[in-house]
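The values are calculated or read from the model by the stated rules, or taken from the named source; none is laboratory data. Bear in mind that the values here come from a model prediction, so they are computed numbers and not experimental data. Positions of Cβ are backbone-derived with ideal geometry, glycine not excepted, and every protein chain shown enters the neighbour counts. The area values use the complete protein model at the heavy-atom level, side chains included, leaving out ligands, DNA and RNA. Shrake-Rupley method; radii C 1.70, N 1.55, O 1.52, S 1.80 Å.
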Amino acid sequence: MSELVTGEAVVLGLRPAKLPSRALALSIDLVVVGAAFVLVSAGLAVATSGLDAAAFAAVSVATFLLVLVGAPIAVETLSHGRSLGKLACGLRVVRDDGGPIRFRHALVRGAMGVVEILMTLGVVASIASLVSARGRRLGDVFAGTLVVRERLPAGRSASVPPPPPWLVGRFAGLDLSAVPDELWLAVRQYLTRMHQLDADVGRAMAGRLAGELAGWTGVPAPVGVPAAAYLAAVVNERQARDAHRMWAASPSSSDRPGGTGAGWPMKPPGPTGSGSGGGSASEGPRGSGAAPAVPPPGAPAPGTPAPGTEPVPPPATGFAPPA
(Lines give C-alpha, C1' and ligand atoms only; values in the text may rest on other atoms or scores of the structure.)
Protein backbone atom coordinates (compact mmCIF):
# COMPACT_ATOMS: atom_id res chain seq x y z
CA MET A 1 0.00 0.00 0.00
CA SER A 2 2.99 2.28 -0.23
CA GLU A 3 1.65 3.49 -3.58
CA LEU A 4 -1.56 4.91 -2.17
CA VAL A 5 -2.47 8.46 -1.36
CA THR A 6 -5.86 7.78 0.20
CA GLY A 7 -7.52 4.49 0.85
CA GLU A 8 -7.68 3.93 -2.89
CA ALA A 9 -5.71 6.65 -4.65
CA VAL A 10 -2.34 6.24 -6.29
CA VAL A 11 0.84 8.13 -5.64
CA LEU A 12 0.51 11.85 -6.18
CA GLY A 13 4.22 12.25 -6.82
CA LEU A 14 3.83 10.89 -10.37
CA ARG A 15 3.90 12.94 -13.53
CA PRO A 16 1.76 12.70 -16.68
CA ALA A 17 3.28 10.47 -19.34
CA LYS A 18 4.25 12.04 -22.63
CA LEU A 19 3.78 10.74 -26.15
CA PRO A 20 7.10 8.84 -26.62
CA SER A 21 6.69 6.66 -23.53
CA ARG A 22 3.01 6.10 -24.28
CA ALA A 23 3.77 5.16 -27.89
CA LEU A 24 6.35 2.63 -26.75
CA ALA A 25 3.94 1.09 -24.26
CA LEU A 26 1.20 0.97 -26.90
CA SER A 27 3.56 -0.71 -29.36
CA ILE A 28 4.33 -3.46 -26.86
CA ASP A 29 0.62 -3.96 -26.17
CA LEU A 30 -0.22 -4.09 -29.88
CA VAL A 31 2.50 -6.66 -30.55
CA VAL A 32 1.22 -8.90 -27.74
CA VAL A 33 -2.45 -8.49 -28.65
CA GLY A 34 -1.71 -8.90 -32.36
CA ALA A 35 0.18 -12.13 -31.76
CA ALA A 36 -2.67 -13.44 -29.63
CA PHE A 37 -5.19 -12.43 -32.33
CA VAL A 38 -3.24 -14.25 -35.03
CA LEU A 39 -2.97 -17.42 -32.97
CA VAL A 40 -6.64 -17.40 -32.00
CA SER A 41 -7.73 -16.64 -35.56
CA ALA A 42 -5.61 -19.48 -36.94
CA GLY A 43 -7.03 -21.89 -34.42
CA LEU A 44 -10.61 -20.83 -35.13
CA ALA A 45 -10.02 -21.03 -38.87
CA VAL A 46 -9.03 -24.65 -38.52
CA ALA A 47 -11.88 -25.40 -36.13
CA THR A 48 -14.56 -23.68 -38.24
CA SER A 49 -13.42 -24.81 -41.66
CA GLY A 50 -16.75 -26.55 -42.24
CA LEU A 51 -18.90 -23.46 -41.58
CA ASP A 52 -20.45 -21.30 -44.27
CA ALA A 53 -19.27 -17.76 -45.07
CA ALA A 54 -21.79 -16.00 -42.81
CA ALA A 55 -20.88 -18.10 -39.77
CA PHE A 56 -17.19 -17.63 -40.45
CA ALA A 57 -17.66 -13.85 -40.67
CA ALA A 58 -19.55 -13.84 -37.38
CA VAL A 59 -16.76 -15.82 -35.69
CA SER A 60 -14.16 -13.43 -37.14
CA VAL A 61 -16.00 -10.36 -35.81
CA ALA A 62 -16.42 -11.96 -32.41
CA THR A 63 -12.72 -12.84 -32.31
CA PHE A 64 -11.79 -9.26 -33.22
CA LEU A 65 -13.99 -7.79 -30.49
CA LEU A 66 -12.91 -10.26 -27.83
CA VAL A 67 -9.17 -10.24 -28.48
CA LEU A 68 -8.39 -6.77 -29.79
CA VAL A 69 -11.00 -4.86 -27.75
CA GLY A 70 -12.15 -7.00 -24.85
CA ALA A 71 -8.75 -8.31 -23.77
CA PRO A 72 -7.15 -4.85 -23.25
CA ILE A 73 -10.24 -3.69 -21.35
CA ALA A 74 -10.13 -6.73 -19.09
CA VAL A 75 -6.40 -6.38 -18.48
CA GLU A 76 -6.63 -2.67 -17.57
CA THR A 77 -9.60 -3.35 -15.28
CA LEU A 78 -8.01 -6.25 -13.42
CA SER A 79 -4.58 -4.62 -13.16
CA HIS A 80 -5.97 -1.19 -12.19
CA GLY A 81 -4.53 0.55 -15.24
CA ARG A 82 -1.37 -1.46 -15.87
CA SER A 83 -1.22 -3.27 -19.17
CA LEU A 84 1.85 -5.26 -20.17
CA GLY A 85 3.33 -2.39 -22.17
CA LYS A 86 2.60 0.18 -19.47
CA LEU A 87 4.10 -2.08 -16.84
CA ALA A 88 7.28 -2.41 -18.92
CA CYS A 89 7.52 1.36 -19.43
CA GLY A 90 6.59 2.31 -15.87
CA LEU A 91 3.21 3.84 -16.75
CA ARG A 92 -0.26 3.53 -15.27
CA VAL A 93 -3.77 4.76 -16.05
CA VAL A 94 -5.48 6.61 -13.19
CA ARG A 95 -8.55 8.77 -12.78
CA ASP A 96 -8.37 12.54 -12.88
CA ASP A 97 -8.56 12.62 -9.08
CA GLY A 98 -5.65 10.19 -8.74
CA GLY A 99 -7.69 7.07 -7.98
CA PRO A 100 -7.51 3.70 -9.76
CA ILE A 101 -9.68 3.18 -12.79
CA ARG A 102 -12.70 0.89 -12.88
CA PHE A 103 -14.42 -1.10 -15.60
CA ARG A 104 -16.33 1.85 -17.02
CA HIS A 105 -13.14 3.86 -17.45
CA ALA A 106 -11.41 0.98 -19.21
CA LEU A 107 -14.50 0.39 -21.37
CA VAL A 108 -14.61 3.99 -22.61
CA ARG A 109 -10.87 4.01 -23.27
CA GLY A 110 -11.07 0.72 -25.14
CA ALA A 111 -14.07 1.77 -27.25
CA MET A 112 -12.42 5.05 -28.22
CA GLY A 113 -9.17 3.22 -28.87
CA VAL A 114 -10.82 1.28 -31.68
CA VAL A 115 -11.46 4.56 -33.50
CA GLU A 116 -8.40 6.63 -32.67
CA ILE A 117 -5.80 3.84 -32.61
CA LEU A 118 -6.90 0.82 -34.65
CA MET A 119 -8.91 2.50 -37.41
CA THR A 120 -6.62 5.52 -37.86
CA LEU A 121 -3.36 3.72 -37.08
CA GLY A 122 -2.85 5.91 -34.02
CA VAL A 123 -2.81 9.23 -35.92
CA VAL A 124 -5.77 10.71 -34.03
CA ALA A 125 -4.42 9.53 -30.69
CA SER A 126 -1.00 11.01 -31.42
CA ILE A 127 -2.41 14.40 -32.39
CA ALA A 128 -4.67 14.53 -29.33
CA SER A 129 -1.79 13.58 -27.05
CA LEU A 130 0.46 16.28 -28.52
CA VAL A 131 -2.21 18.96 -28.19
CA SER A 132 -3.16 18.03 -24.61
CA ALA A 133 -1.12 19.63 -21.85
CA ARG A 134 -1.12 16.35 -19.91
CA GLY A 135 -0.66 14.09 -22.92
CA ARG A 136 -4.21 12.71 -22.92
CA ARG A 137 -5.83 11.11 -25.95
CA LEU A 138 -9.56 11.27 -26.71
CA GLY A 139 -10.24 8.08 -24.77
CA ASP A 140 -8.71 9.63 -21.67
CA VAL A 141 -10.74 12.82 -22.12
CA PHE A 142 -14.07 11.00 -22.41
CA ALA A 143 -13.24 8.48 -19.67
CA GLY A 144 -11.83 11.08 -17.27
CA THR A 145 -8.48 9.31 -16.97
CA LEU A 146 -4.81 10.16 -17.16
CA VAL A 147 -1.70 8.11 -17.95
CA VAL A 148 1.05 8.84 -15.41
CA ARG A 149 4.63 7.76 -14.85
CA GLU A 150 5.22 5.47 -11.91
CA ARG A 151 9.00 5.32 -12.16
CA LEU A 152 10.90 8.60 -12.02
CA PRO A 153 14.64 9.33 -12.07
CA ALA A 154 16.21 9.74 -8.67
CA GLY A 155 16.38 13.35 -7.62
CA ARG A 156 15.79 15.70 -4.78
CA SER A 157 12.77 14.76 -2.72
CA ALA A 158 10.22 17.46 -2.10
CA SER A 159 9.88 18.58 1.49
CA VAL A 160 6.63 18.88 3.38
CA PRO A 161 5.57 22.52 3.65
CA PRO A 162 5.43 23.88 7.21
CA PRO A 163 2.06 24.53 8.83
CA PRO A 164 0.77 28.02 9.59
CA PRO A 165 2.46 29.48 12.70
CA TRP A 166 -0.83 29.69 14.59
CA LEU A 167 -1.25 25.90 14.29
CA VAL A 168 2.22 24.89 15.48
CA GLY A 169 1.90 22.97 18.76
CA ARG A 170 -1.88 23.01 18.72
CA PHE A 171 -2.09 19.21 18.34
CA ALA A 172 0.50 18.33 20.99
CA GLY A 173 -2.03 16.24 22.91
CA LEU A 174 -3.26 14.28 19.89
CA ASP A 175 -2.82 10.50 20.03
CA LEU A 176 -1.04 9.53 16.80
CA SER A 177 -0.02 6.00 17.74
CA ALA A 178 -2.87 4.30 15.88
CA VAL A 179 -2.39 6.11 12.57
CA PRO A 180 -0.99 3.59 10.02
CA ASP A 181 2.18 4.31 8.07
CA GLU A 182 0.28 4.11 4.79
CA LEU A 183 -1.85 7.07 5.76
CA TRP A 184 1.21 9.07 6.85
CA LEU A 185 2.78 8.39 3.47
CA ALA A 186 -0.42 9.43 1.73
CA VAL A 187 -0.59 12.71 3.65
CA ARG A 188 3.07 13.50 3.02
CA GLN A 189 2.71 12.83 -0.71
CA TYR A 190 -0.35 15.04 -0.90
CA LEU A 191 1.36 17.90 0.94
CA THR A 192 4.41 17.76 -1.32
CA ARG A 193 2.30 17.79 -4.49
CA MET A 194 -0.80 19.76 -3.52
CA HIS A 195 0.28 22.86 -5.49
CA GLN A 196 0.46 20.79 -8.68
CA LEU A 197 -3.15 19.60 -8.42
CA ASP A 198 -6.31 21.20 -9.63
CA ALA A 199 -7.83 23.38 -6.90
CA ASP A 200 -11.09 21.41 -6.63
CA VAL A 201 -9.34 18.04 -6.78
CA GLY A 202 -6.83 19.16 -4.15
CA ARG A 203 -9.53 20.32 -1.75
CA ALA A 204 -11.43 17.08 -2.17
CA MET A 205 -8.32 15.01 -1.46
CA ALA A 206 -7.39 17.12 1.55
CA GLY A 207 -10.86 16.72 3.01
CA ARG A 208 -10.80 12.98 2.47
CA LEU A 209 -7.36 12.60 4.04
CA ALA A 210 -8.31 14.84 6.97
CA GLY A 211 -11.39 12.71 7.59
CA GLU A 212 -9.35 9.51 7.59
CA LEU A 213 -6.75 11.02 9.91
CA ALA A 214 -9.43 12.24 12.32
CA GLY A 215 -10.99 8.79 12.29
CA TRP A 216 -7.73 7.16 13.37
CA THR A 217 -6.97 9.72 16.06
CA GLY A 218 -10.52 9.77 17.43
CA VAL A 219 -10.58 13.58 17.47
CA PRO A 220 -12.42 15.48 14.71
CA ALA A 221 -10.58 18.14 12.78
CA PRO A 222 -11.04 21.66 14.21
CA VAL A 223 -13.87 23.66 12.72
CA GLY A 224 -12.70 26.53 10.57
CA VAL A 225 -9.21 25.11 9.95
CA PRO A 226 -8.50 24.29 6.27
CA ALA A 227 -7.96 20.61 5.66
CA ALA A 228 -4.53 21.14 4.09
CA ALA A 229 -3.38 23.28 7.05
CA TYR A 230 -4.70 20.65 9.49
CA LEU A 231 -2.75 17.90 7.70
CA ALA A 232 0.44 20.00 7.67
CA ALA A 233 0.13 20.75 11.39
CA VAL A 234 -0.41 17.11 12.33
CA VAL A 235 2.54 15.97 10.19
CA ASN A 236 4.68 18.66 11.79
CA GLU A 237 3.65 17.41 15.24
CA ARG A 238 4.63 13.86 14.34
CA GLN A 239 8.00 15.00 13.01
CA ALA A 240 8.61 16.93 16.23
CA ARG A 241 7.81 13.84 18.30
CA ASP A 242 10.12 11.67 16.20
CA ALA A 243 12.94 14.18 16.60
CA HIS A 244 12.37 14.27 20.38
CA ARG A 245 12.50 10.49 20.61
CA MET A 246 15.72 10.36 18.61
CA TRP A 247 17.30 12.99 20.88
CA ALA A 248 16.17 11.14 24.00
CA ALA A 249 17.70 7.90 22.71
CA SER A 250 21.08 9.55 22.08
CA PRO A 251 23.73 9.78 24.89
CA SER A 252 22.91 12.49 27.40
CA SER A 253 25.09 15.52 27.91
CA SER A 254 26.37 14.14 31.23
CA ASP A 255 27.89 11.14 29.46
CA ARG A 256 29.86 13.16 26.94
CA PRO A 257 33.48 14.37 27.34
CA GLY A 258 33.64 17.05 30.00
CA GLY A 259 30.50 15.84 31.75
CA THR A 260 30.05 14.16 35.09
CA GLY A 261 28.29 11.00 34.03
CA ALA A 262 29.57 7.52 34.57
CA GLY A 263 30.16 6.94 30.89
CA TRP A 264 33.23 9.23 30.86
CA PRO A 265 35.74 9.16 33.80
CA MET A 266 36.80 12.45 35.24
CA LYS A 267 40.52 11.47 35.34
CA PRO A 268 42.26 8.32 34.17
CA PRO A 269 43.84 6.35 37.05
CA GLY A 270 47.53 6.99 37.49
CA PRO A 271 50.19 4.37 38.01
CA THR A 272 49.79 4.66 41.79
CA GLY A 273 46.07 5.32 41.90
CA SER A 274 43.61 3.26 43.80
CA GLY A 275 42.16 1.75 40.68
CA SER A 276 45.52 0.46 39.39
CA GLY A 277 46.64 -1.39 42.47
CA GLY A 278 50.13 0.05 42.01
CA GLY A 279 50.49 1.76 45.40
CA SER A 280 53.70 1.05 47.35
CA ALA A 281 53.62 -1.25 50.34
CA SER A 282 54.99 1.42 52.60
CA GLU A 283 52.17 3.82 52.09
CA GLY A 284 49.34 1.36 51.57
CA PRO A 285 46.39 1.91 49.36
CA ARG A 286 45.88 5.57 48.54
CA GLY A 287 43.06 7.21 50.32
CA SER A 288 42.31 4.16 52.45
CA GLY A 289 44.13 5.32 55.63
CA ALA A 290 45.50 1.80 56.28
CA ALA A 291 48.79 1.32 58.18
CA PRO A 292 51.86 -0.09 56.41
CA ALA A 293 52.02 -3.88 56.26
CA VAL A 294 54.03 -5.43 59.18
CA PRO A 295 55.81 -8.75 58.51
CA PRO A 296 54.92 -11.62 60.89
CA PRO A 297 57.38 -12.69 63.67
CA GLY A 298 60.33 -14.72 62.33
CA ALA A 299 59.90 -13.54 58.80
CA PRO A 300 62.90 -11.92 57.11
CA ALA A 301 62.83 -8.20 56.74
CA PRO A 302 61.87 -6.79 53.42
CA GLY A 303 64.81 -6.82 51.03
CA THR A 304 66.67 -9.61 52.94
CA PRO A 305 67.54 -12.63 50.72
CA ALA A 306 66.11 -15.98 51.71
CA PRO A 307 68.49 -18.47 53.45
CA GLY A 308 70.54 -20.59 51.02
CA THR A 309 70.30 -18.10 48.21
CA GLU A 310 72.86 -15.68 46.90
CA PRO A 311 72.16 -12.03 47.36
CA VAL A 312 70.96 -10.35 44.28
CA PRO A 313 72.97 -7.25 43.44
CA PRO A 314 71.01 -4.10 43.17
CA PRO A 315 70.32 -2.91 39.69
CA ALA A 316 72.87 -0.61 38.18
CA THR A 317 71.92 3.01 38.28
CA GLY A 318 74.65 4.35 36.04
CA PHE A 319 76.02 6.52 38.85
CA ALA A 320 79.63 5.96 39.96
CA PRO A 321 80.55 7.22 43.47
CA PRO A 322 83.46 9.61 43.66
CA ALA A 323 86.86 8.01 44.31
Where labels lie 7 Å past Cα in the beta-carbon direction, separation of Ala243 and Ala111 in nm: 5.4 nm
Taking H placed 1.01 Å from N in the peptide plane, check which residues at least 5 places from Leu91 or on another chain put their amide H under 5 Å from its amide H. Glu150
Can you compute the charge dipole magnitude of segment 17-144 about its Cα centre, using +1 on each Lys and Arg Cβ and -1 on each Asp and Glu Cβ, nothing else charged? Give it in debye, rounded to the nearest 20. 520 debye
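Between Leu24 and Trp216, what is the FRET efficiency for a Förster distance of 45 Å, r being their Cβ-Cβ separation, to the nearest 0.05?
Numbers: r = 41 Å, r/R0 = 0.92.
Step by step, r from the Cβ atoms, then E = 0.65.
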Placing each pseudo-label 7 Å from Cα in the direction of the beta carbon, Ala57 and Ala74 end up separated by a distance in nanometres of 2.7 nm
Say each of Val46 and His195 gets a label point 7 Å from the Cα, pointing the same way as Cα to Cβ; how far apart are those two points in nm? 6.3 nm
Could you compute how much accessible surface Thr120 exposes when probed at 1.4 Å, giving the result in Å² to the nearest 10? 40 Å²
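Please give the contour-minus-distance gain from Val141 to Phe64: 0.36 nm per residue of separation, less the Cα-Cα distance, rounded to one decimal in nm. Walk me through the numbers before you get to the answer.
Values: separation 77, 0.36 × 77 = 27.72 nm, distance 2.47 nm.
Working it through step by step, the gained length comes to 25.2 nm.
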Top to bottom by accessible area (1.4 Å), largest first, where do Glu76, Glu182 land? Glu182, Glu76
